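Written below as structure tokens is the structure these notes are about.
The values are calculated or read from the model by the stated rules, or taken from the named source; none is laboratory data. It should be emphasised that the depicted structure is a prediction, and the values quoted were computed from it without experimental measurement. All Cβ positions, glycine included, derive from the backbone under ideal geometry; neighbour counts span all protein chains shown. For accessibility, only protein heavy atoms count, side chains too; no ligands or nucleic acids. Shrake-Rupley method; radii C 1.70, N 1.55, O 1.52, S 1.80 Å.
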Amino acid sequence: MLHFLSIAAIALFCAIPQSPRRASPYVGAISADASTGRVLFQANADAAAYPASVTKLMTLLLVLEDIEAGKYTLSTRITAGEEPTRLSEESWVDLRPGESMTVDDLLSALMVKSANDAAVALGSNSAGSFDKFVERMNARAAELGMKDTRYYNPNGLPPVSKTANGKVRRYPWKAFNVSTCADQLKLAMELVKKPQVFKYTSQKVATVTDGRGQELKFVNHNNLMVKNKQKILNPDGSEAVDGLKTGYIDAGGSSIVLTGKRGGARAIVVVLGSSNSKERDENARRLLQDALDALSW
């Protein structure tokens, strides 16, 4: 009887769809000194994972670089075509064709709400089309030495997914965005060089004006910044964490690129592919705490 039950249990487990891109406690993790890139901890840092909405960090970088180059400003209004709505779901600001929002508000929606339509609108405006922006994402990744990263979209959505009402959504890209902890560390190190990044990533609550002139308020998805029991406090009582981005899709689990500072030291932690957000947050919090302790010793 016991033998029968064990076989039945194994059969049940095997019937549950498994993904090589999510695991307990994670697919991979890494922590490093943000100023030098010196690695403080790593485990499977080169393992392939699905970054999900962590993808939006590359979108943020390219838009900020556009602004630095004078292509447009934070007050520039972006008018949506069909793509933001057609290529978005779940987390969004419901930017409809013909409506517009400022770049500043779209960046807040991108980083705090993780708005998928904001990513598409920003990308299409930046490069002239969705496809050209994806080309830019991959070109910039190559420049940064992100050798194991491949982007197919600016928001991290999978090729096929189910919406909240159970409908299946299929997108024009045929593969998942793929990256590694080591590659995301390189991207994060480039981002933290820009002080303006933290205007968006450190917001616990953001308020924006949507395409219909209505005020929208979002709470940041980064639990280590908004939940009191999960915050990392420095000896002087200040909060360490000020970014960067979380992500989740079913096939890729929960991921995070986390950064925080203590005194003059800044650390970066990447955790990709955790089975759930609790595991992700627990491990990311521990790694950042350890990293800050080591750097401020």
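Relative contact order of segment 145-186, please, whole-number percent, based on alpha carbon pairs below 8 angstrom and at least 6 residues apart.
Relative contact order comes out at 53 percent.
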Burial ranking of peptide ranges 68-78, 98-108, 156-166 (average Cβ count within 10 Å, highest at the top): 98-108, 156-166, 68-78
Label point distance in nm, ASN228-ARG77, each placed 7 Å from Cα along Cα→Cβ: 4.2 nm
What's the FRET efficiency of SER275 with GLN196 using the Cβ-Cβ distance as r and R₀ = 45 Å, to the nearest 0.05? 0.85
Integer Hz, Karplus 6.51/-1.76/1.60 couplings in order for segment 85-93, x for Gly and Pro: 6, 5, 9, 9, 6, 6, 8, 7, 10
Pop out the Kirkwood hydrodynamic radius of segment 135-249 from its pairwise C-alpha distances, inverse of mean 1/r, in Å to one decimal. 17.0 Å
Over the chain, relative contact order from alpha-carbon pairs under 8 Å, at least 6 apart, %: 25 percent
What residues qualify as long-range amide H neighbours of GLU90, i.e. H under 5 Å apart, gap of 5 or more or another chain, H built at 1.01 Å from N? ALA164
Taking segment 192-236, the whole-percent share of alpha-carbon pairs separated by over 12 angstrom is 70 percent
Using a 1.4 Å probe and ignoring any ligands, DNA or RNA, find the accessible area of GLU282 and quote it in Å² to the nearest 10. 110 Å²
Output ordering of 266-276, 180-190, 122-132 (per-residue mean of other Cβ within 10 Å, highest first) is 266-276, 180-190, 122-132
Through the Karplus equation 6.51 cos²θ - 1.76 cosθ + 1.60, θ set to phi - 60°, convert the phi angles of segment 25-38 into ³J(HN,Hα) values in whole Hz; use x for Gly and Pro. x, 5, 6, x, 8, 7, 9, 7, 6, 5, 7, 10, x, 4
Segment 182-297 -> Rg/Rh from Cα coords, Kirkwood Rh, value 0.99
For the chain: Kirkwood Rh in Å [reciprocal of mean 1/r, alpha carbons]: 19.6 Å
Whichever lysines have a C-alpha closer than 18 Å to that of LYS186, once near sequence neighbours (fewer than 8 apart) are set aside: LYS56, LYS147, LYS194, LYS245, LYS261
